[in-house]
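Nothing in this text is a laboratory measurement; each read-out follows from the coordinates by a stated rule. In this text, all values refer to a predicted model and were calculated from it rather than measured experimentally. For neighbour counting, all protein chains shown are included, and Cβ atoms are generated from backbone atoms with ideal geometry for every residue, glycine included.
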Amino acid sequence: MRRLIGGVLLLLFALLWLLPGTGLAAPAPRILAFKQKVMKEADGTPYLHCEIGFSDAPQFTVKAGGLLYPTRVLIDLPGMSPGDMDPEIELKGKKFARLLEINEAAGHTFLTFTTVGPAVDESCRTMLVRGKEQSQLKLKAPFILMVDLFDGPYKPVDRVDGVQGHIIVLDPGHGGLDTGAIGPDGLMEKDVTLAVSTKLRDILEASGAKVAMTRTDDRDVYPGGAQTDGQELQARVDVGDATPGAEIFVSVHCDAFTHPKANGTGTFYYPKTWEDAALAQALQNGMVARGGRRDRGIKEARFYVVRNSDMPAALVELAFITNYVEQAMLADDDFQRNLALGIAEGIRDFFAARR
Ligand SMILES: [Zn+2]
């Protein structure tokens, strides 16, 4: 009898656990707060700065404009609840966007900004940050999505202080016949690494640094295509060795794993000197701060390019291309730009610590 009661109790608990809304399951991530302010870029260009606070890390995709809805910026937040937010919020300035609507459907929350002029990728900038310290509007939330709306295409020139005169080698991973890892929608690692490395080069050069790239287009670095991986990787190391005064070697990659849920940002190094780990940590900090993805930390590894470069070297894994959400982010121009800026800031911090 006692055993029977035990069994019934166990069954009851199991049922309670399975029933939704019994309070045993973790609460769904929700929107906590919204703030907005008209602000100005350093060059004087005005924009509407919006901050949306979340209880938990959101997944999101952004779609600006398009043929059907030319004056709309739509942010899709799967698995997010709108919380106690008003379904309609009037926007300040009236010059950038008029209205923000917040709707919930099919387990997604949709944020719809109705813009004044045509919405394009270059008129809308997004960045996910962790922690209220990053808020420019004193918004209190563990995660904040910043949405900046301009009244037309805006192409800022990002700069970092403290890299002037330094000589940096950038290695966009893979290329040519070697696609690198491929995401579930067909996004190729070699294209992401080149896009982020090119943005990173532009930031560093605008900041006064000298940059050598192992490749600037979609090709093998070894002339005519390598017979072995070793030849191809040595060709990349050779670019660094052939650059007079080169100080650091940064190889840019995307992570990949058989399990589609694997996610986050990580950095690898080989401890030739104490500076290798210091460089890896600085780049990792910069990417996590700007990219907002999970911090997988830095790890030692025997990757060819970091082991054989004749200077401090690190190999960054931006995010997982095999993860559906991170694949979409890696294809996004703003996310690429944020990661490039984060790496540039990491390079700045590395040089500052070395002095
Ligand atoms: Zn790779």
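What residue among Ile31, Ile321, Ile102 has the largest mean-square fluctuation in a Gaussian network model of the chain, using Cα springs under 10 Å? Its mean-square fluctuation being the largest, the pick is Ile102. Using only side-chain charges placed at the Cβ, +1 for Lys and Arg and -1 for Asp and Glu, the dipole size of the stretch 106-149 relative to its Cα centre rounds to 320 debye. Over the chain, with a Gaussian network built from C-alpha contacts below 10 Å, which listed residue (Met329, Met287, Met39) shows the highest mean-square fluctuation? Per the Cα network of the chain with a 10 Å cutoff, Met39 tops the list. Sum -39500 (n - 2.57) across every DSSP H segment of at least 4 residues in the chain, then divide by the residue count to get the 222 nm mean residue ellipticity, nearest 500. Estimated from H runs of four or more residues: -9000 deg cm²/dmol. In the chain, the longest principal axis of the Cα atoms and the axis of helix 189-206 are about 70 degrees apart. Ignoring lysines fewer than eight residues from Lys272 along the same chain, the ones with Cα atoms less than 20 angstrom from its Cα are Lys299. Relative to the longest principal axis of the chain, what angle (0 to 90°, nearest 10) does the C-alpha long axis of helix 274-291 take? It works out to around 40 degrees. If a/c stays under 1.5 just call it rounded; otherwise compare a/b with b/c (prolate if a/b is bigger, oblate if not). Do that for the stretch 167-354, with a ≥ b ≥ c from the square roots of the Cα gyration tensor eigenvalues. Rounded, because the longest to shortest axis ratio a/c is under 1.5.
Dimensions of the chain along the principal axes, based on C-alpha atoms and rounded to the nearest Å, stand at 71, 68, 41, largest first. When the chain is treated as a Gaussian network with alpha carbon springs shorter than 10 Å, the biggest mean-square fluctuation among Asn263, Asn338, Asn103 belongs to Asn103. Run the count for the stretch 31-149, please: Lys pairs, Cα-Cα under 19 angstrom, 8 or more apart or on different chains. Final tally of qualifying lysine pairs is 18. Over the chain, Cα pairs under 8 Å with separation of 6+ residues give a relative contact order of 14 percent.
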